[in-house]
Amino acid sequence: MSHPRTVLVTGASRGIGLELVKQLAALENGPVHIFAACRTPDSATALKEIARAHAQVHLVKLDTLDDGTISSAVNEVTTILKSTDDGLNLLINNAGIFEKEGGSCPGGERASFQRHFDVNSTGVAMVTQAFLPLLTKASSMSNSAKMGAHKAAIVNISSGGGSIGDNTTGSSVFNNVAYRMSKAAVNQLTKTLSIDLEKDGILVVSFCPGWVQTDMGGAQAALTPEESISALLTTTFQLTNEHSGGYFRRTGETIPY
Ligand code: NDP
């Protein structure tokens, strides 16, 4: 199992994104560049502490709703990668929202539905297309015949709540159909890009991290970020051709779309 040399994580200021950066930075023979992308790097205290301890961690400003910050993030990452002549091996689209009110139906608010879609699906598509040239570069520079996170991969942090095939609970668990819809939409992006990008050697998957103790998951959630992300990264590093287009639990079991 070889690790990616270069990784970018969105929504790295807290929760699952922060834990991804923390564990990636601690890997033995881990990435030489970890781009921790977040909306407000200046106030990302925990992230800044990780960057102080690990020179390979770079804080990058990126709001997935703001095209200006997406393109300046691409420029910043491109400049840093030029120093080692690398592309981007792994893009982890983690930034997401779950609004406690407004996402139900009946009782929904149009603006809340739109915000869920903006961040959880449209934002992922915009970030992905912006970083595609760097992913393609990484793929073309790799001498590996196999697809994977060591070569070029896009990991979309979805949710089991996005599964239509597995939906046996209606609104009783989430009471937020807007969230479910936006995660089902990002899963369609995963499947479509996996087909379109196969020729470029870029692997694309969706993951559910499990129910995790973060601001979004709440303190009563089943898993600590450490537990969720150590499993998710182990599975990520084992992904190869036959997994592209898949939708997985952190431990690698398939979730029905
Ligand atoms: P948190 O609410 O704890 O953190 C969300 C992160 O997303 C923050 O870093 C936040 O940044 C960032 N973010 C939100 N909007 C934007 C934006 N427009 N641009 C950039 N960053 C943004 O959530 P989790 O860490 O729990 O969730 C991470 C991912 O995992 C999400 O996609 C979520 O749907 C998914 N997930 C989580 C589960 C759980 O139980 N926790 C279960 C299933 C899926 P900021 O600090 O600036 O607000």
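One table, with the values for the structure above:
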| read-out | value |
| --- | --- |
| Members of region 218-231 that are in contact (Cβ under 8 Å) with a residue 40 or more places away in the chain and out of contact with any Leu (no Cβ under 8 Å at 6 or more places or on another chain) | Glu226, Ser228, Ser230 |
| Search result, residues across region 13-36 that are open to solvent by less than 10 Å² (accessible area, probe 1.4 Å) and within 7 Å of the ligand (Cβ to nearest atom) | Gly17 |
| Subset of region 37-52 (residues that are open to solvent by 30 Å² or more (accessible area, probe 1.4 Å) and either aliphatic (A, V, I, L, M) or assigned to a helix (DSSP H, G or I) (or both)) | Asp42, Ser43, Thr45, Ala46, Lys48, Glu49, Arg52 |
| Residue check for Lys82: surrounded by fewer than 16 Cβ atoms within 10 Å (Cβ to Cβ) and of a type in the set (Lys, Arg) | yes |
| Conditions (1) outside any helix (DSSP H, G or I); (2) surrounded by fewer than 20 Cβ atoms within 10 Å (Cβ to Cβ); (3) within 16 Å of the ligand (Cβ to nearest atom); number of the one not met by Glu226 | (1) |
| Hey, Glu76 outside any loop (DSSP other than H, G, I, E, B) and either of a type outside the set (Gly, Ala, Ser) or within 13 Å of the ligand (Cβ to nearest atom) (or both) or not | yes |
| Hey, Leu232 within 13 Å of the ligand (Cβ to nearest atom), closer than 28 Å to Lys137 by Cβ and not in a loop (DSSP other than H, G, I, E, B) or not | yes |
| Qualifying residue in region 72-95 (condition: touching a Pro at 6+ places or on another chain (Cβ under 8 Å) and within 21 Å of Ser158 (Cβ to Cβ)) | yes |
| Matching residues, region 169-223, being closer than 18 Å to Leu90 by Cα, of a type in the set (A, V, I, L, M, F, W, C) and in a loop (DSSP other than H, G, I, E, B) | Leu197, Ile202 |
| Only listed residue being over 15 Å from Ser121 (Cα atoms), open to solvent by 10 Å² or more (accessible area, probe 1.4 Å) and either within 13 Å of the ligand (Cβ to nearest atom) or not hydroxyl-bearing (Ser, Thr, Tyr) (or both), chosen from Ile164, Ile157 | Ile164 |
| Flag for Leu91 being touching an Asp or Glu at 6+ places or on another chain (Cβ under 9 Å), more than 11 Å from the ligand (Cβ to nearest atom) and outside any loop (DSSP other than H, G, I, E, B) | no |
| Qualifying positions in region 232-243 - among the β-branched types (Val, Ile, Thr) and either free of Cβ contacts under 8 Å to residues at least 60 places away in the same chain or open to solvent by 20 Å² or more (accessible area, probe 1.4 Å) (or both) | Thr234, Thr235, Thr240 |
| Single residue of region 94-119 satisfying the filter (open to solvent by less than 40 Å² (accessible area, probe 1.4 Å), part of a helix (DSSP H, G or I) and over 30 Å from Met147 (Cα atoms)) that is nearest to the ligand (Cβ to nearest atom) | His116 |
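The values are calculated or read from the model by the stated rules, or taken from the named source; none is laboratory data. In this text, all values refer to a predicted model and were calculated from it rather than measured experimentally. Backbone-built Cβ (ideal geometry, glycine too); neighbour counts: all protein chains shown. The accessibility values were calculated without ligands, DNA or RNA, using every heavy atom of the protein model including side chains. Shrake-Rupley method; radii C 1.70, N 1.55, O 1.52, S 1.80 Å.
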